[in-house]
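Student: So that we are looking at the same thing, I have put the structure below in structure tokens.
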Amino acid sequence: MNHQSLNGIQSNVYRRRWWILGILSMSLLIIGLDNTILNVAIPTLQREFSASATSLQWMVDAYILVFAGLLLTMGSLGDRFGRKRALQLGLIVFGLSSLFAAYADSSAQLITARALMGIGGALIMPSTLSILTDVFPREERGKAIGIWAGVAGLGVGIGPLTGGVLLENFWWGSVFLINIPVVVIAIVTGLILVPESRDPHPKSLDIPGALLSITAISTLVYFIIEAPAHGWTNAFVIAGFLGGAVLTALFLIWESKIDHPMLNLAYFTNPRFSAGAGAIALGFFALFGMIFGMTQYLQFVQGFTPLEAGLRMAPIALGIAAGAGSSHRFVGKLGTNKVVAAGLVGLAVVFVTISFWQIDTNYWIVGGTFFFLAFSMGNVMAPSTDSVMGAVPEANAGVASAMNDVTRQVAGALGVAVIGSVINTVYSEKMEPAVANLPSEAAVTFGDSIGDSIGAALKIASMMPPEIAVGLIAAAKSGFTEALGIAVLAAAAMAVVGAILVAKFMPARHLDDETP
């Protein structure tokens, strides 16, 4: 093919770029949606399957575990065999596993379906960002990534609302069936409009690197998820973290010694790559952990239905879309480092205000907090993602995108685990006096369950005489609110540390954006 033909093809792709971005955003939307839509359905699933706390946790985390473990490998395979092909295959896997999840008749089947959805997600997410990098010229890429990040956040934000609407009107399986029409539209339009792209000079497959990355990331995420249940100082958990650290070290050693590594470690010497990835990790640590806590606060403490809770979390979607969408203008004026650092400081300030919430905090305060938290998050997500992608050659966009996504998922899982662990530990301590005041038989029978979760405490209270139930409900709501207030301070501290590091180490602009 001659040079003129290549230019013609590229020009045609650029003309379709905004349509292509729409398709990529649609594909990405279901990934973000699926990260949070299940949180609002947890009380319903607990009743439907009589599920244990561990089963409920794995309904959420099986997806995260598989998704995170496969991201680097799937991004690398997309670079080699075709990013459009990876996207289309991922959509098919995601759609079929969503159908399986919708009609699961046990906790085990639903957990399996969620794991399969993680495979589809690991194919979809890095493909969307690497295709975007291919079809947008450098001068428009920041704006396009801002929209991409806004849609990713929009999915996270509207997940609880969508789940609430569906649970209010249909059976629980509808939270998975909602994916099917989106998948079908994305597949059909993608076949027509999305161009194929890949590394023009693919190297040999790094199979040992792929296996080491899968086992290392999966091991770390697994033990992050399990740590709250067993205790962070439990010998099993410590051994797991040590095993994950050893596997990670072996992966890094292997990648540093071979000629054609799956992940070129030299990328980390670029401060835009490493600082961008670090900022994303800290932001998602806080966001996923807080959404996990907030859905319970709204439903269990303030007593809202799933639909009412979802509606009240809608400002998260609006805030992320607004923050990510406008961030490229702030970056143009101030530089990436100042915008990202300001976003992290904003997160810290919002978290501190949450520590003052009470059982009956007015929704205008809650809703406004959600919006400003998400707006700050949008100003972290989009510039940091652009920073990571701009630091890597376009031929390796799939691996860079996957690395970007791995930091999100691992940090998100860690955020749920750590913040959830802090909430559960403090809540359990706060409930000890309430359990001690129960009649002795009830304390022996239900004491552990009451101290395990606020949902269990409220369910048990509904079976007790009114004079006992009133005190137990008040103690559970107060204990959870206090626990949430302590947990957010830990998230605020991490955000402040991140802001200091970003301001110090992240360059303001890409080298090719700097004027001589």
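Student: Does the range 230-237 contain any residue that is of a type in the set (Gly, Ala, Ser), surrounded by 13 or more Cβ atoms within 10 Å (Cβ to Cβ), at pLDDT below 80 and out of contact with any Leu (no Cβ under 6 Å at 6 or more places or on another chain)? Can you show your working first?
Tutor: First, the residues of the range 230-237 that are of a type in the set (Gly, Ala, Ser): 231, 235.
With surrounded by 13 or more Cβ atoms within 10 Å (Cβ to Cβ) added as a condition, the list becomes 231.
Imposing the further condition that a residue be at pLDDT below 80 reduces the set to 231.
From the residues that got through so far, the ones that are out of contact with any Leu (no Cβ under 6 Å at 6 or more places or on another chain) too are 231.
Yes: one or more hits.
Student: Got at least one residue in the range 72-83 being farther than 30 Å from Gly244 by Cβ and charged (D, E, K, R)?
Tutor: No, every residue in the range 72-83 fails to be farther than 30 Å from Gly244 by Cβ and charged (D, E, K, R).
Student: Can I ask one more? I'd like to check something: does the range 247-255 contain any residue that is over 30 Å from Ser453 (Cα atoms), at pLDDT below 80, part of a helix (DSSP H, G or I) and not assigned by TED's automatic domain parsing to the domain that holds Ala391?
Tutor: Yes; the residues of the range 247-255 include at least one that is over 30 Å from Ser453 (Cα atoms), at pLDDT below 80, part of a helix (DSSP H, G or I) and not assigned by TED's automatic domain parsing to the domain that holds Ala391.
Student: Only one of Ser256, Ser197, Ser213 is within 30 Å of Ser421 (Cα to Cα) and of a type in the set (S, T, N, Q). Can you tell me which?
Tutor: So the residue among Ser256, Ser197, Ser213 that is within 30 Å of Ser421 (Cα to Cα) and of a type in the set (S, T, N, Q) is Ser213.
Student: Oh, and also: Going by the conditions given, is Gly367 touching a Gly at 6+ places or on another chain (Cβ under 8 Å) and assigned by TED's automatic domain parsing to the domain that holds Ile145?
Tutor: Values: touching a Gly at 6+ places or on another chain (Cβ under 8 Å): no; assigned by TED's automatic domain parsing to the domain that holds Ile145: yes.
It is false that Gly367 is touching a Gly at 6+ places or on another chain (Cβ under 8 Å) and assigned by TED's automatic domain parsing to the domain that holds Ile145.
Student: Something else: Which of (1) part of a loop (DSSP other than H, G, I, E, B); (2) under 25 Å from Ile64 (Cα atoms) is the odd one out, the single condition Gly415 does not satisfy?
Tutor: Gly415 satisfies all of (1) part of a loop (DSSP other than H, G, I, E, B); (2) under 25 Å from Ile64 (Cα atoms) except (1).
Student: Could you look through the range 283-310, keep only residues that are at pLDDT 80 or above and among the aliphatic types (A, V, I, L, M), and pick out the one that is nearest to the chain's Cα centre (by Cα)?
Tutor: Met294
Student: Kindly check whether there is at least one residue in the range 63-82 that is over 29 Å from Gly293 (Cα atoms), over 20 Å from the mean Cα position of the chain (by Cα), among the hydrophobic types (A, V, I, L, M, F, W, C) and surrounded by fewer than 23 Cβ atoms within 10 Å (Cβ to Cβ).
Tutor: yes
Student: So in the range 345-362, with the set limited to residues that are in contact (Cβ under 8 Å) with a residue 40 or more places away in the chain and loosely packed, with under 14 Cβ neighbours inside 10 Å, which one is farthest from the chain's Cα centre (by Cα)?
Tutor: Asp360
Student: Another question about this same structure. Evaluate the range 287-298: report whether one residue or more is in contact with a Lys or Arg (Cβ under 7 Å, 6 or more places away or on another chain) and not in a helix (DSSP H, G or I).
Tutor: No: the range 287-298 contains no residue that is in contact with a Lys or Arg (Cβ under 7 Å, 6 or more places away or on another chain) and not in a helix (DSSP H, G or I).
Student: From the residues in the range 412-427 that are surrounded by fewer than 24 Cβ atoms within 10 Å (Cβ to Cβ) and under 15 Å from Asp61 (Cα atoms), which one is nearest to the chain's Cα centre (by Cα)?
Tutor: Step by step, filter the range 412-427, then rank; the result is Leu414.
For (1) over 16 Å from the mean Cα position of the chain (by Cα); (2) buried (at least 23 other Cβ atoms within 10 Å of the Cβ), each residue gets a yes or a no:
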{"site": "Gly95", "(1), (2)": "yes, no"}
{"site": "Tyr103", "(1), (2)": "yes, no"}
{"site": "Ser107", "(1), (2)": "yes, no"}
{"site": "Arg114", "(1), (2)": "no, yes"}
{"site": "Gly120", "(1), (2)": "no, yes"}
{"site": "Ile131", "(1), (2)": "yes, yes"}
{"site": "Glu140", "(1), (2)": "yes, no"}
{"site": "Ile147", "(1), (2)": "yes, no"}
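Student: Which one of these does Gly90 not meet: (1) at pLDDT below 85; (2) crowded, with 24+ Cβ neighbours inside 10 Å?
Tutor: So the condition that Gly90 fails would be (1).
Student: Is it the case, given these coordinates, that Ala279 is surrounded by 24 or more Cβ atoms within 10 Å (Cβ to Cβ), modelled with pLDDT of 80 or more and part of a helix (DSSP H, G or I)?
Tutor: Considered against the rule, which asks whether it is surrounded by 24 or more Cβ atoms within 10 Å (Cβ to Cβ), modelled with pLDDT of 80 or more and part of a helix (DSSP H, G or I), Ala279 comes out as yes.
Student: Of the conditions (1) surrounded by fewer than 23 Cβ atoms within 10 Å (Cβ to Cβ); (2) touching a residue at least 40 places away in the same chain (Cβ under 8 Å); (3) among the polar types (S, T, N, Q), Thr369 fails just one. Which one is it?
Tutor: (2)
Student: Give all pairs with beta carbons closer than 8 Å in which a residue from the range 259-277 that is free of Cβ contacts under 8 Å to residues at least 24 places away in the same chain meets a residue that is of a type in the set (A, V, I, L, M); count only pairs at least 6 apart in sequence or on separate chains.
Tutor: Leu265/Leu252
Student: Can you find a residue in the range 109-116 that is among the small types (Gly, Ala, Ser) and modelled with pLDDT of 75 or more?
Tutor: Scanning the range 109-116, I find at least one residue that is among the small types (Gly, Ala, Ser) and modelled with pLDDT of 75 or more, so the answer is yes.
Student: Let me confirm something: among Gly32, Gly78, Gly95, which residue is in a helix (DSSP H, G or I) and under 25 Å from Tyr297 (Cβ atoms)?
Tutor: Criteria check complete, one pass: Gly32.
Student: For the list (1) among the small types (Gly, Ala, Ser); (2) in contact with a Gly (Cβ under 8 Å, 6 or more places away or on another chain); (3) surrounded by fewer than 21 Cβ atoms within 10 Å (Cβ to Cβ), I need the number of the one condition that Gly323 fails.
Tutor: Among (1) among the small types (Gly, Ala, Ser); (2) in contact with a Gly (Cβ under 8 Å, 6 or more places away or on another chain); (3) surrounded by fewer than 21 Cβ atoms within 10 Å (Cβ to Cβ), the lone unmet condition for Gly323 is (3).
Student: Looking at the range 490-498, can you tell me whether even one residue there is farther than 23 Å from Met290 by Cβ and at pLDDT below 85?
Tutor: Looking only at the range 490-498, we keep the residues that are farther than 23 Å from Met290 by Cβ, and these are none.
Within the range 490-498 (the criterion being farther than 23 Å from Met290 by Cβ and at pLDDT below 85), the answer is no, since none of the residues qualifies.
Student: Across the range 303-346, what is the total count of residues that are assigned to a helix (DSSP H, G or I), β-branched (Val, Ile, Thr) and closer than 30 Å to Leu45 by Cα?
Tutor: Qualifying residue count for the region: 2.
Student: Can you tell me which residue is farthest from the chain's Cα centre (by Cα) among those in the range 213-236 that are within 19 Å of Ala68 (Cα to Cα) and of a type in the set (Val, Ile, Thr)?
Tutor: Step by step, filter the range 213-236, then rank; the result is Thr215.
The values are calculated or read from the model by the stated rules, or taken from the named source; none is laboratory data. Since we're looking at a predicted model, the values are computed, not measured. Reconstructed Cβ throughout: ideal geometry from the backbone, glycine too, with neighbour counts over all protein chains shown.
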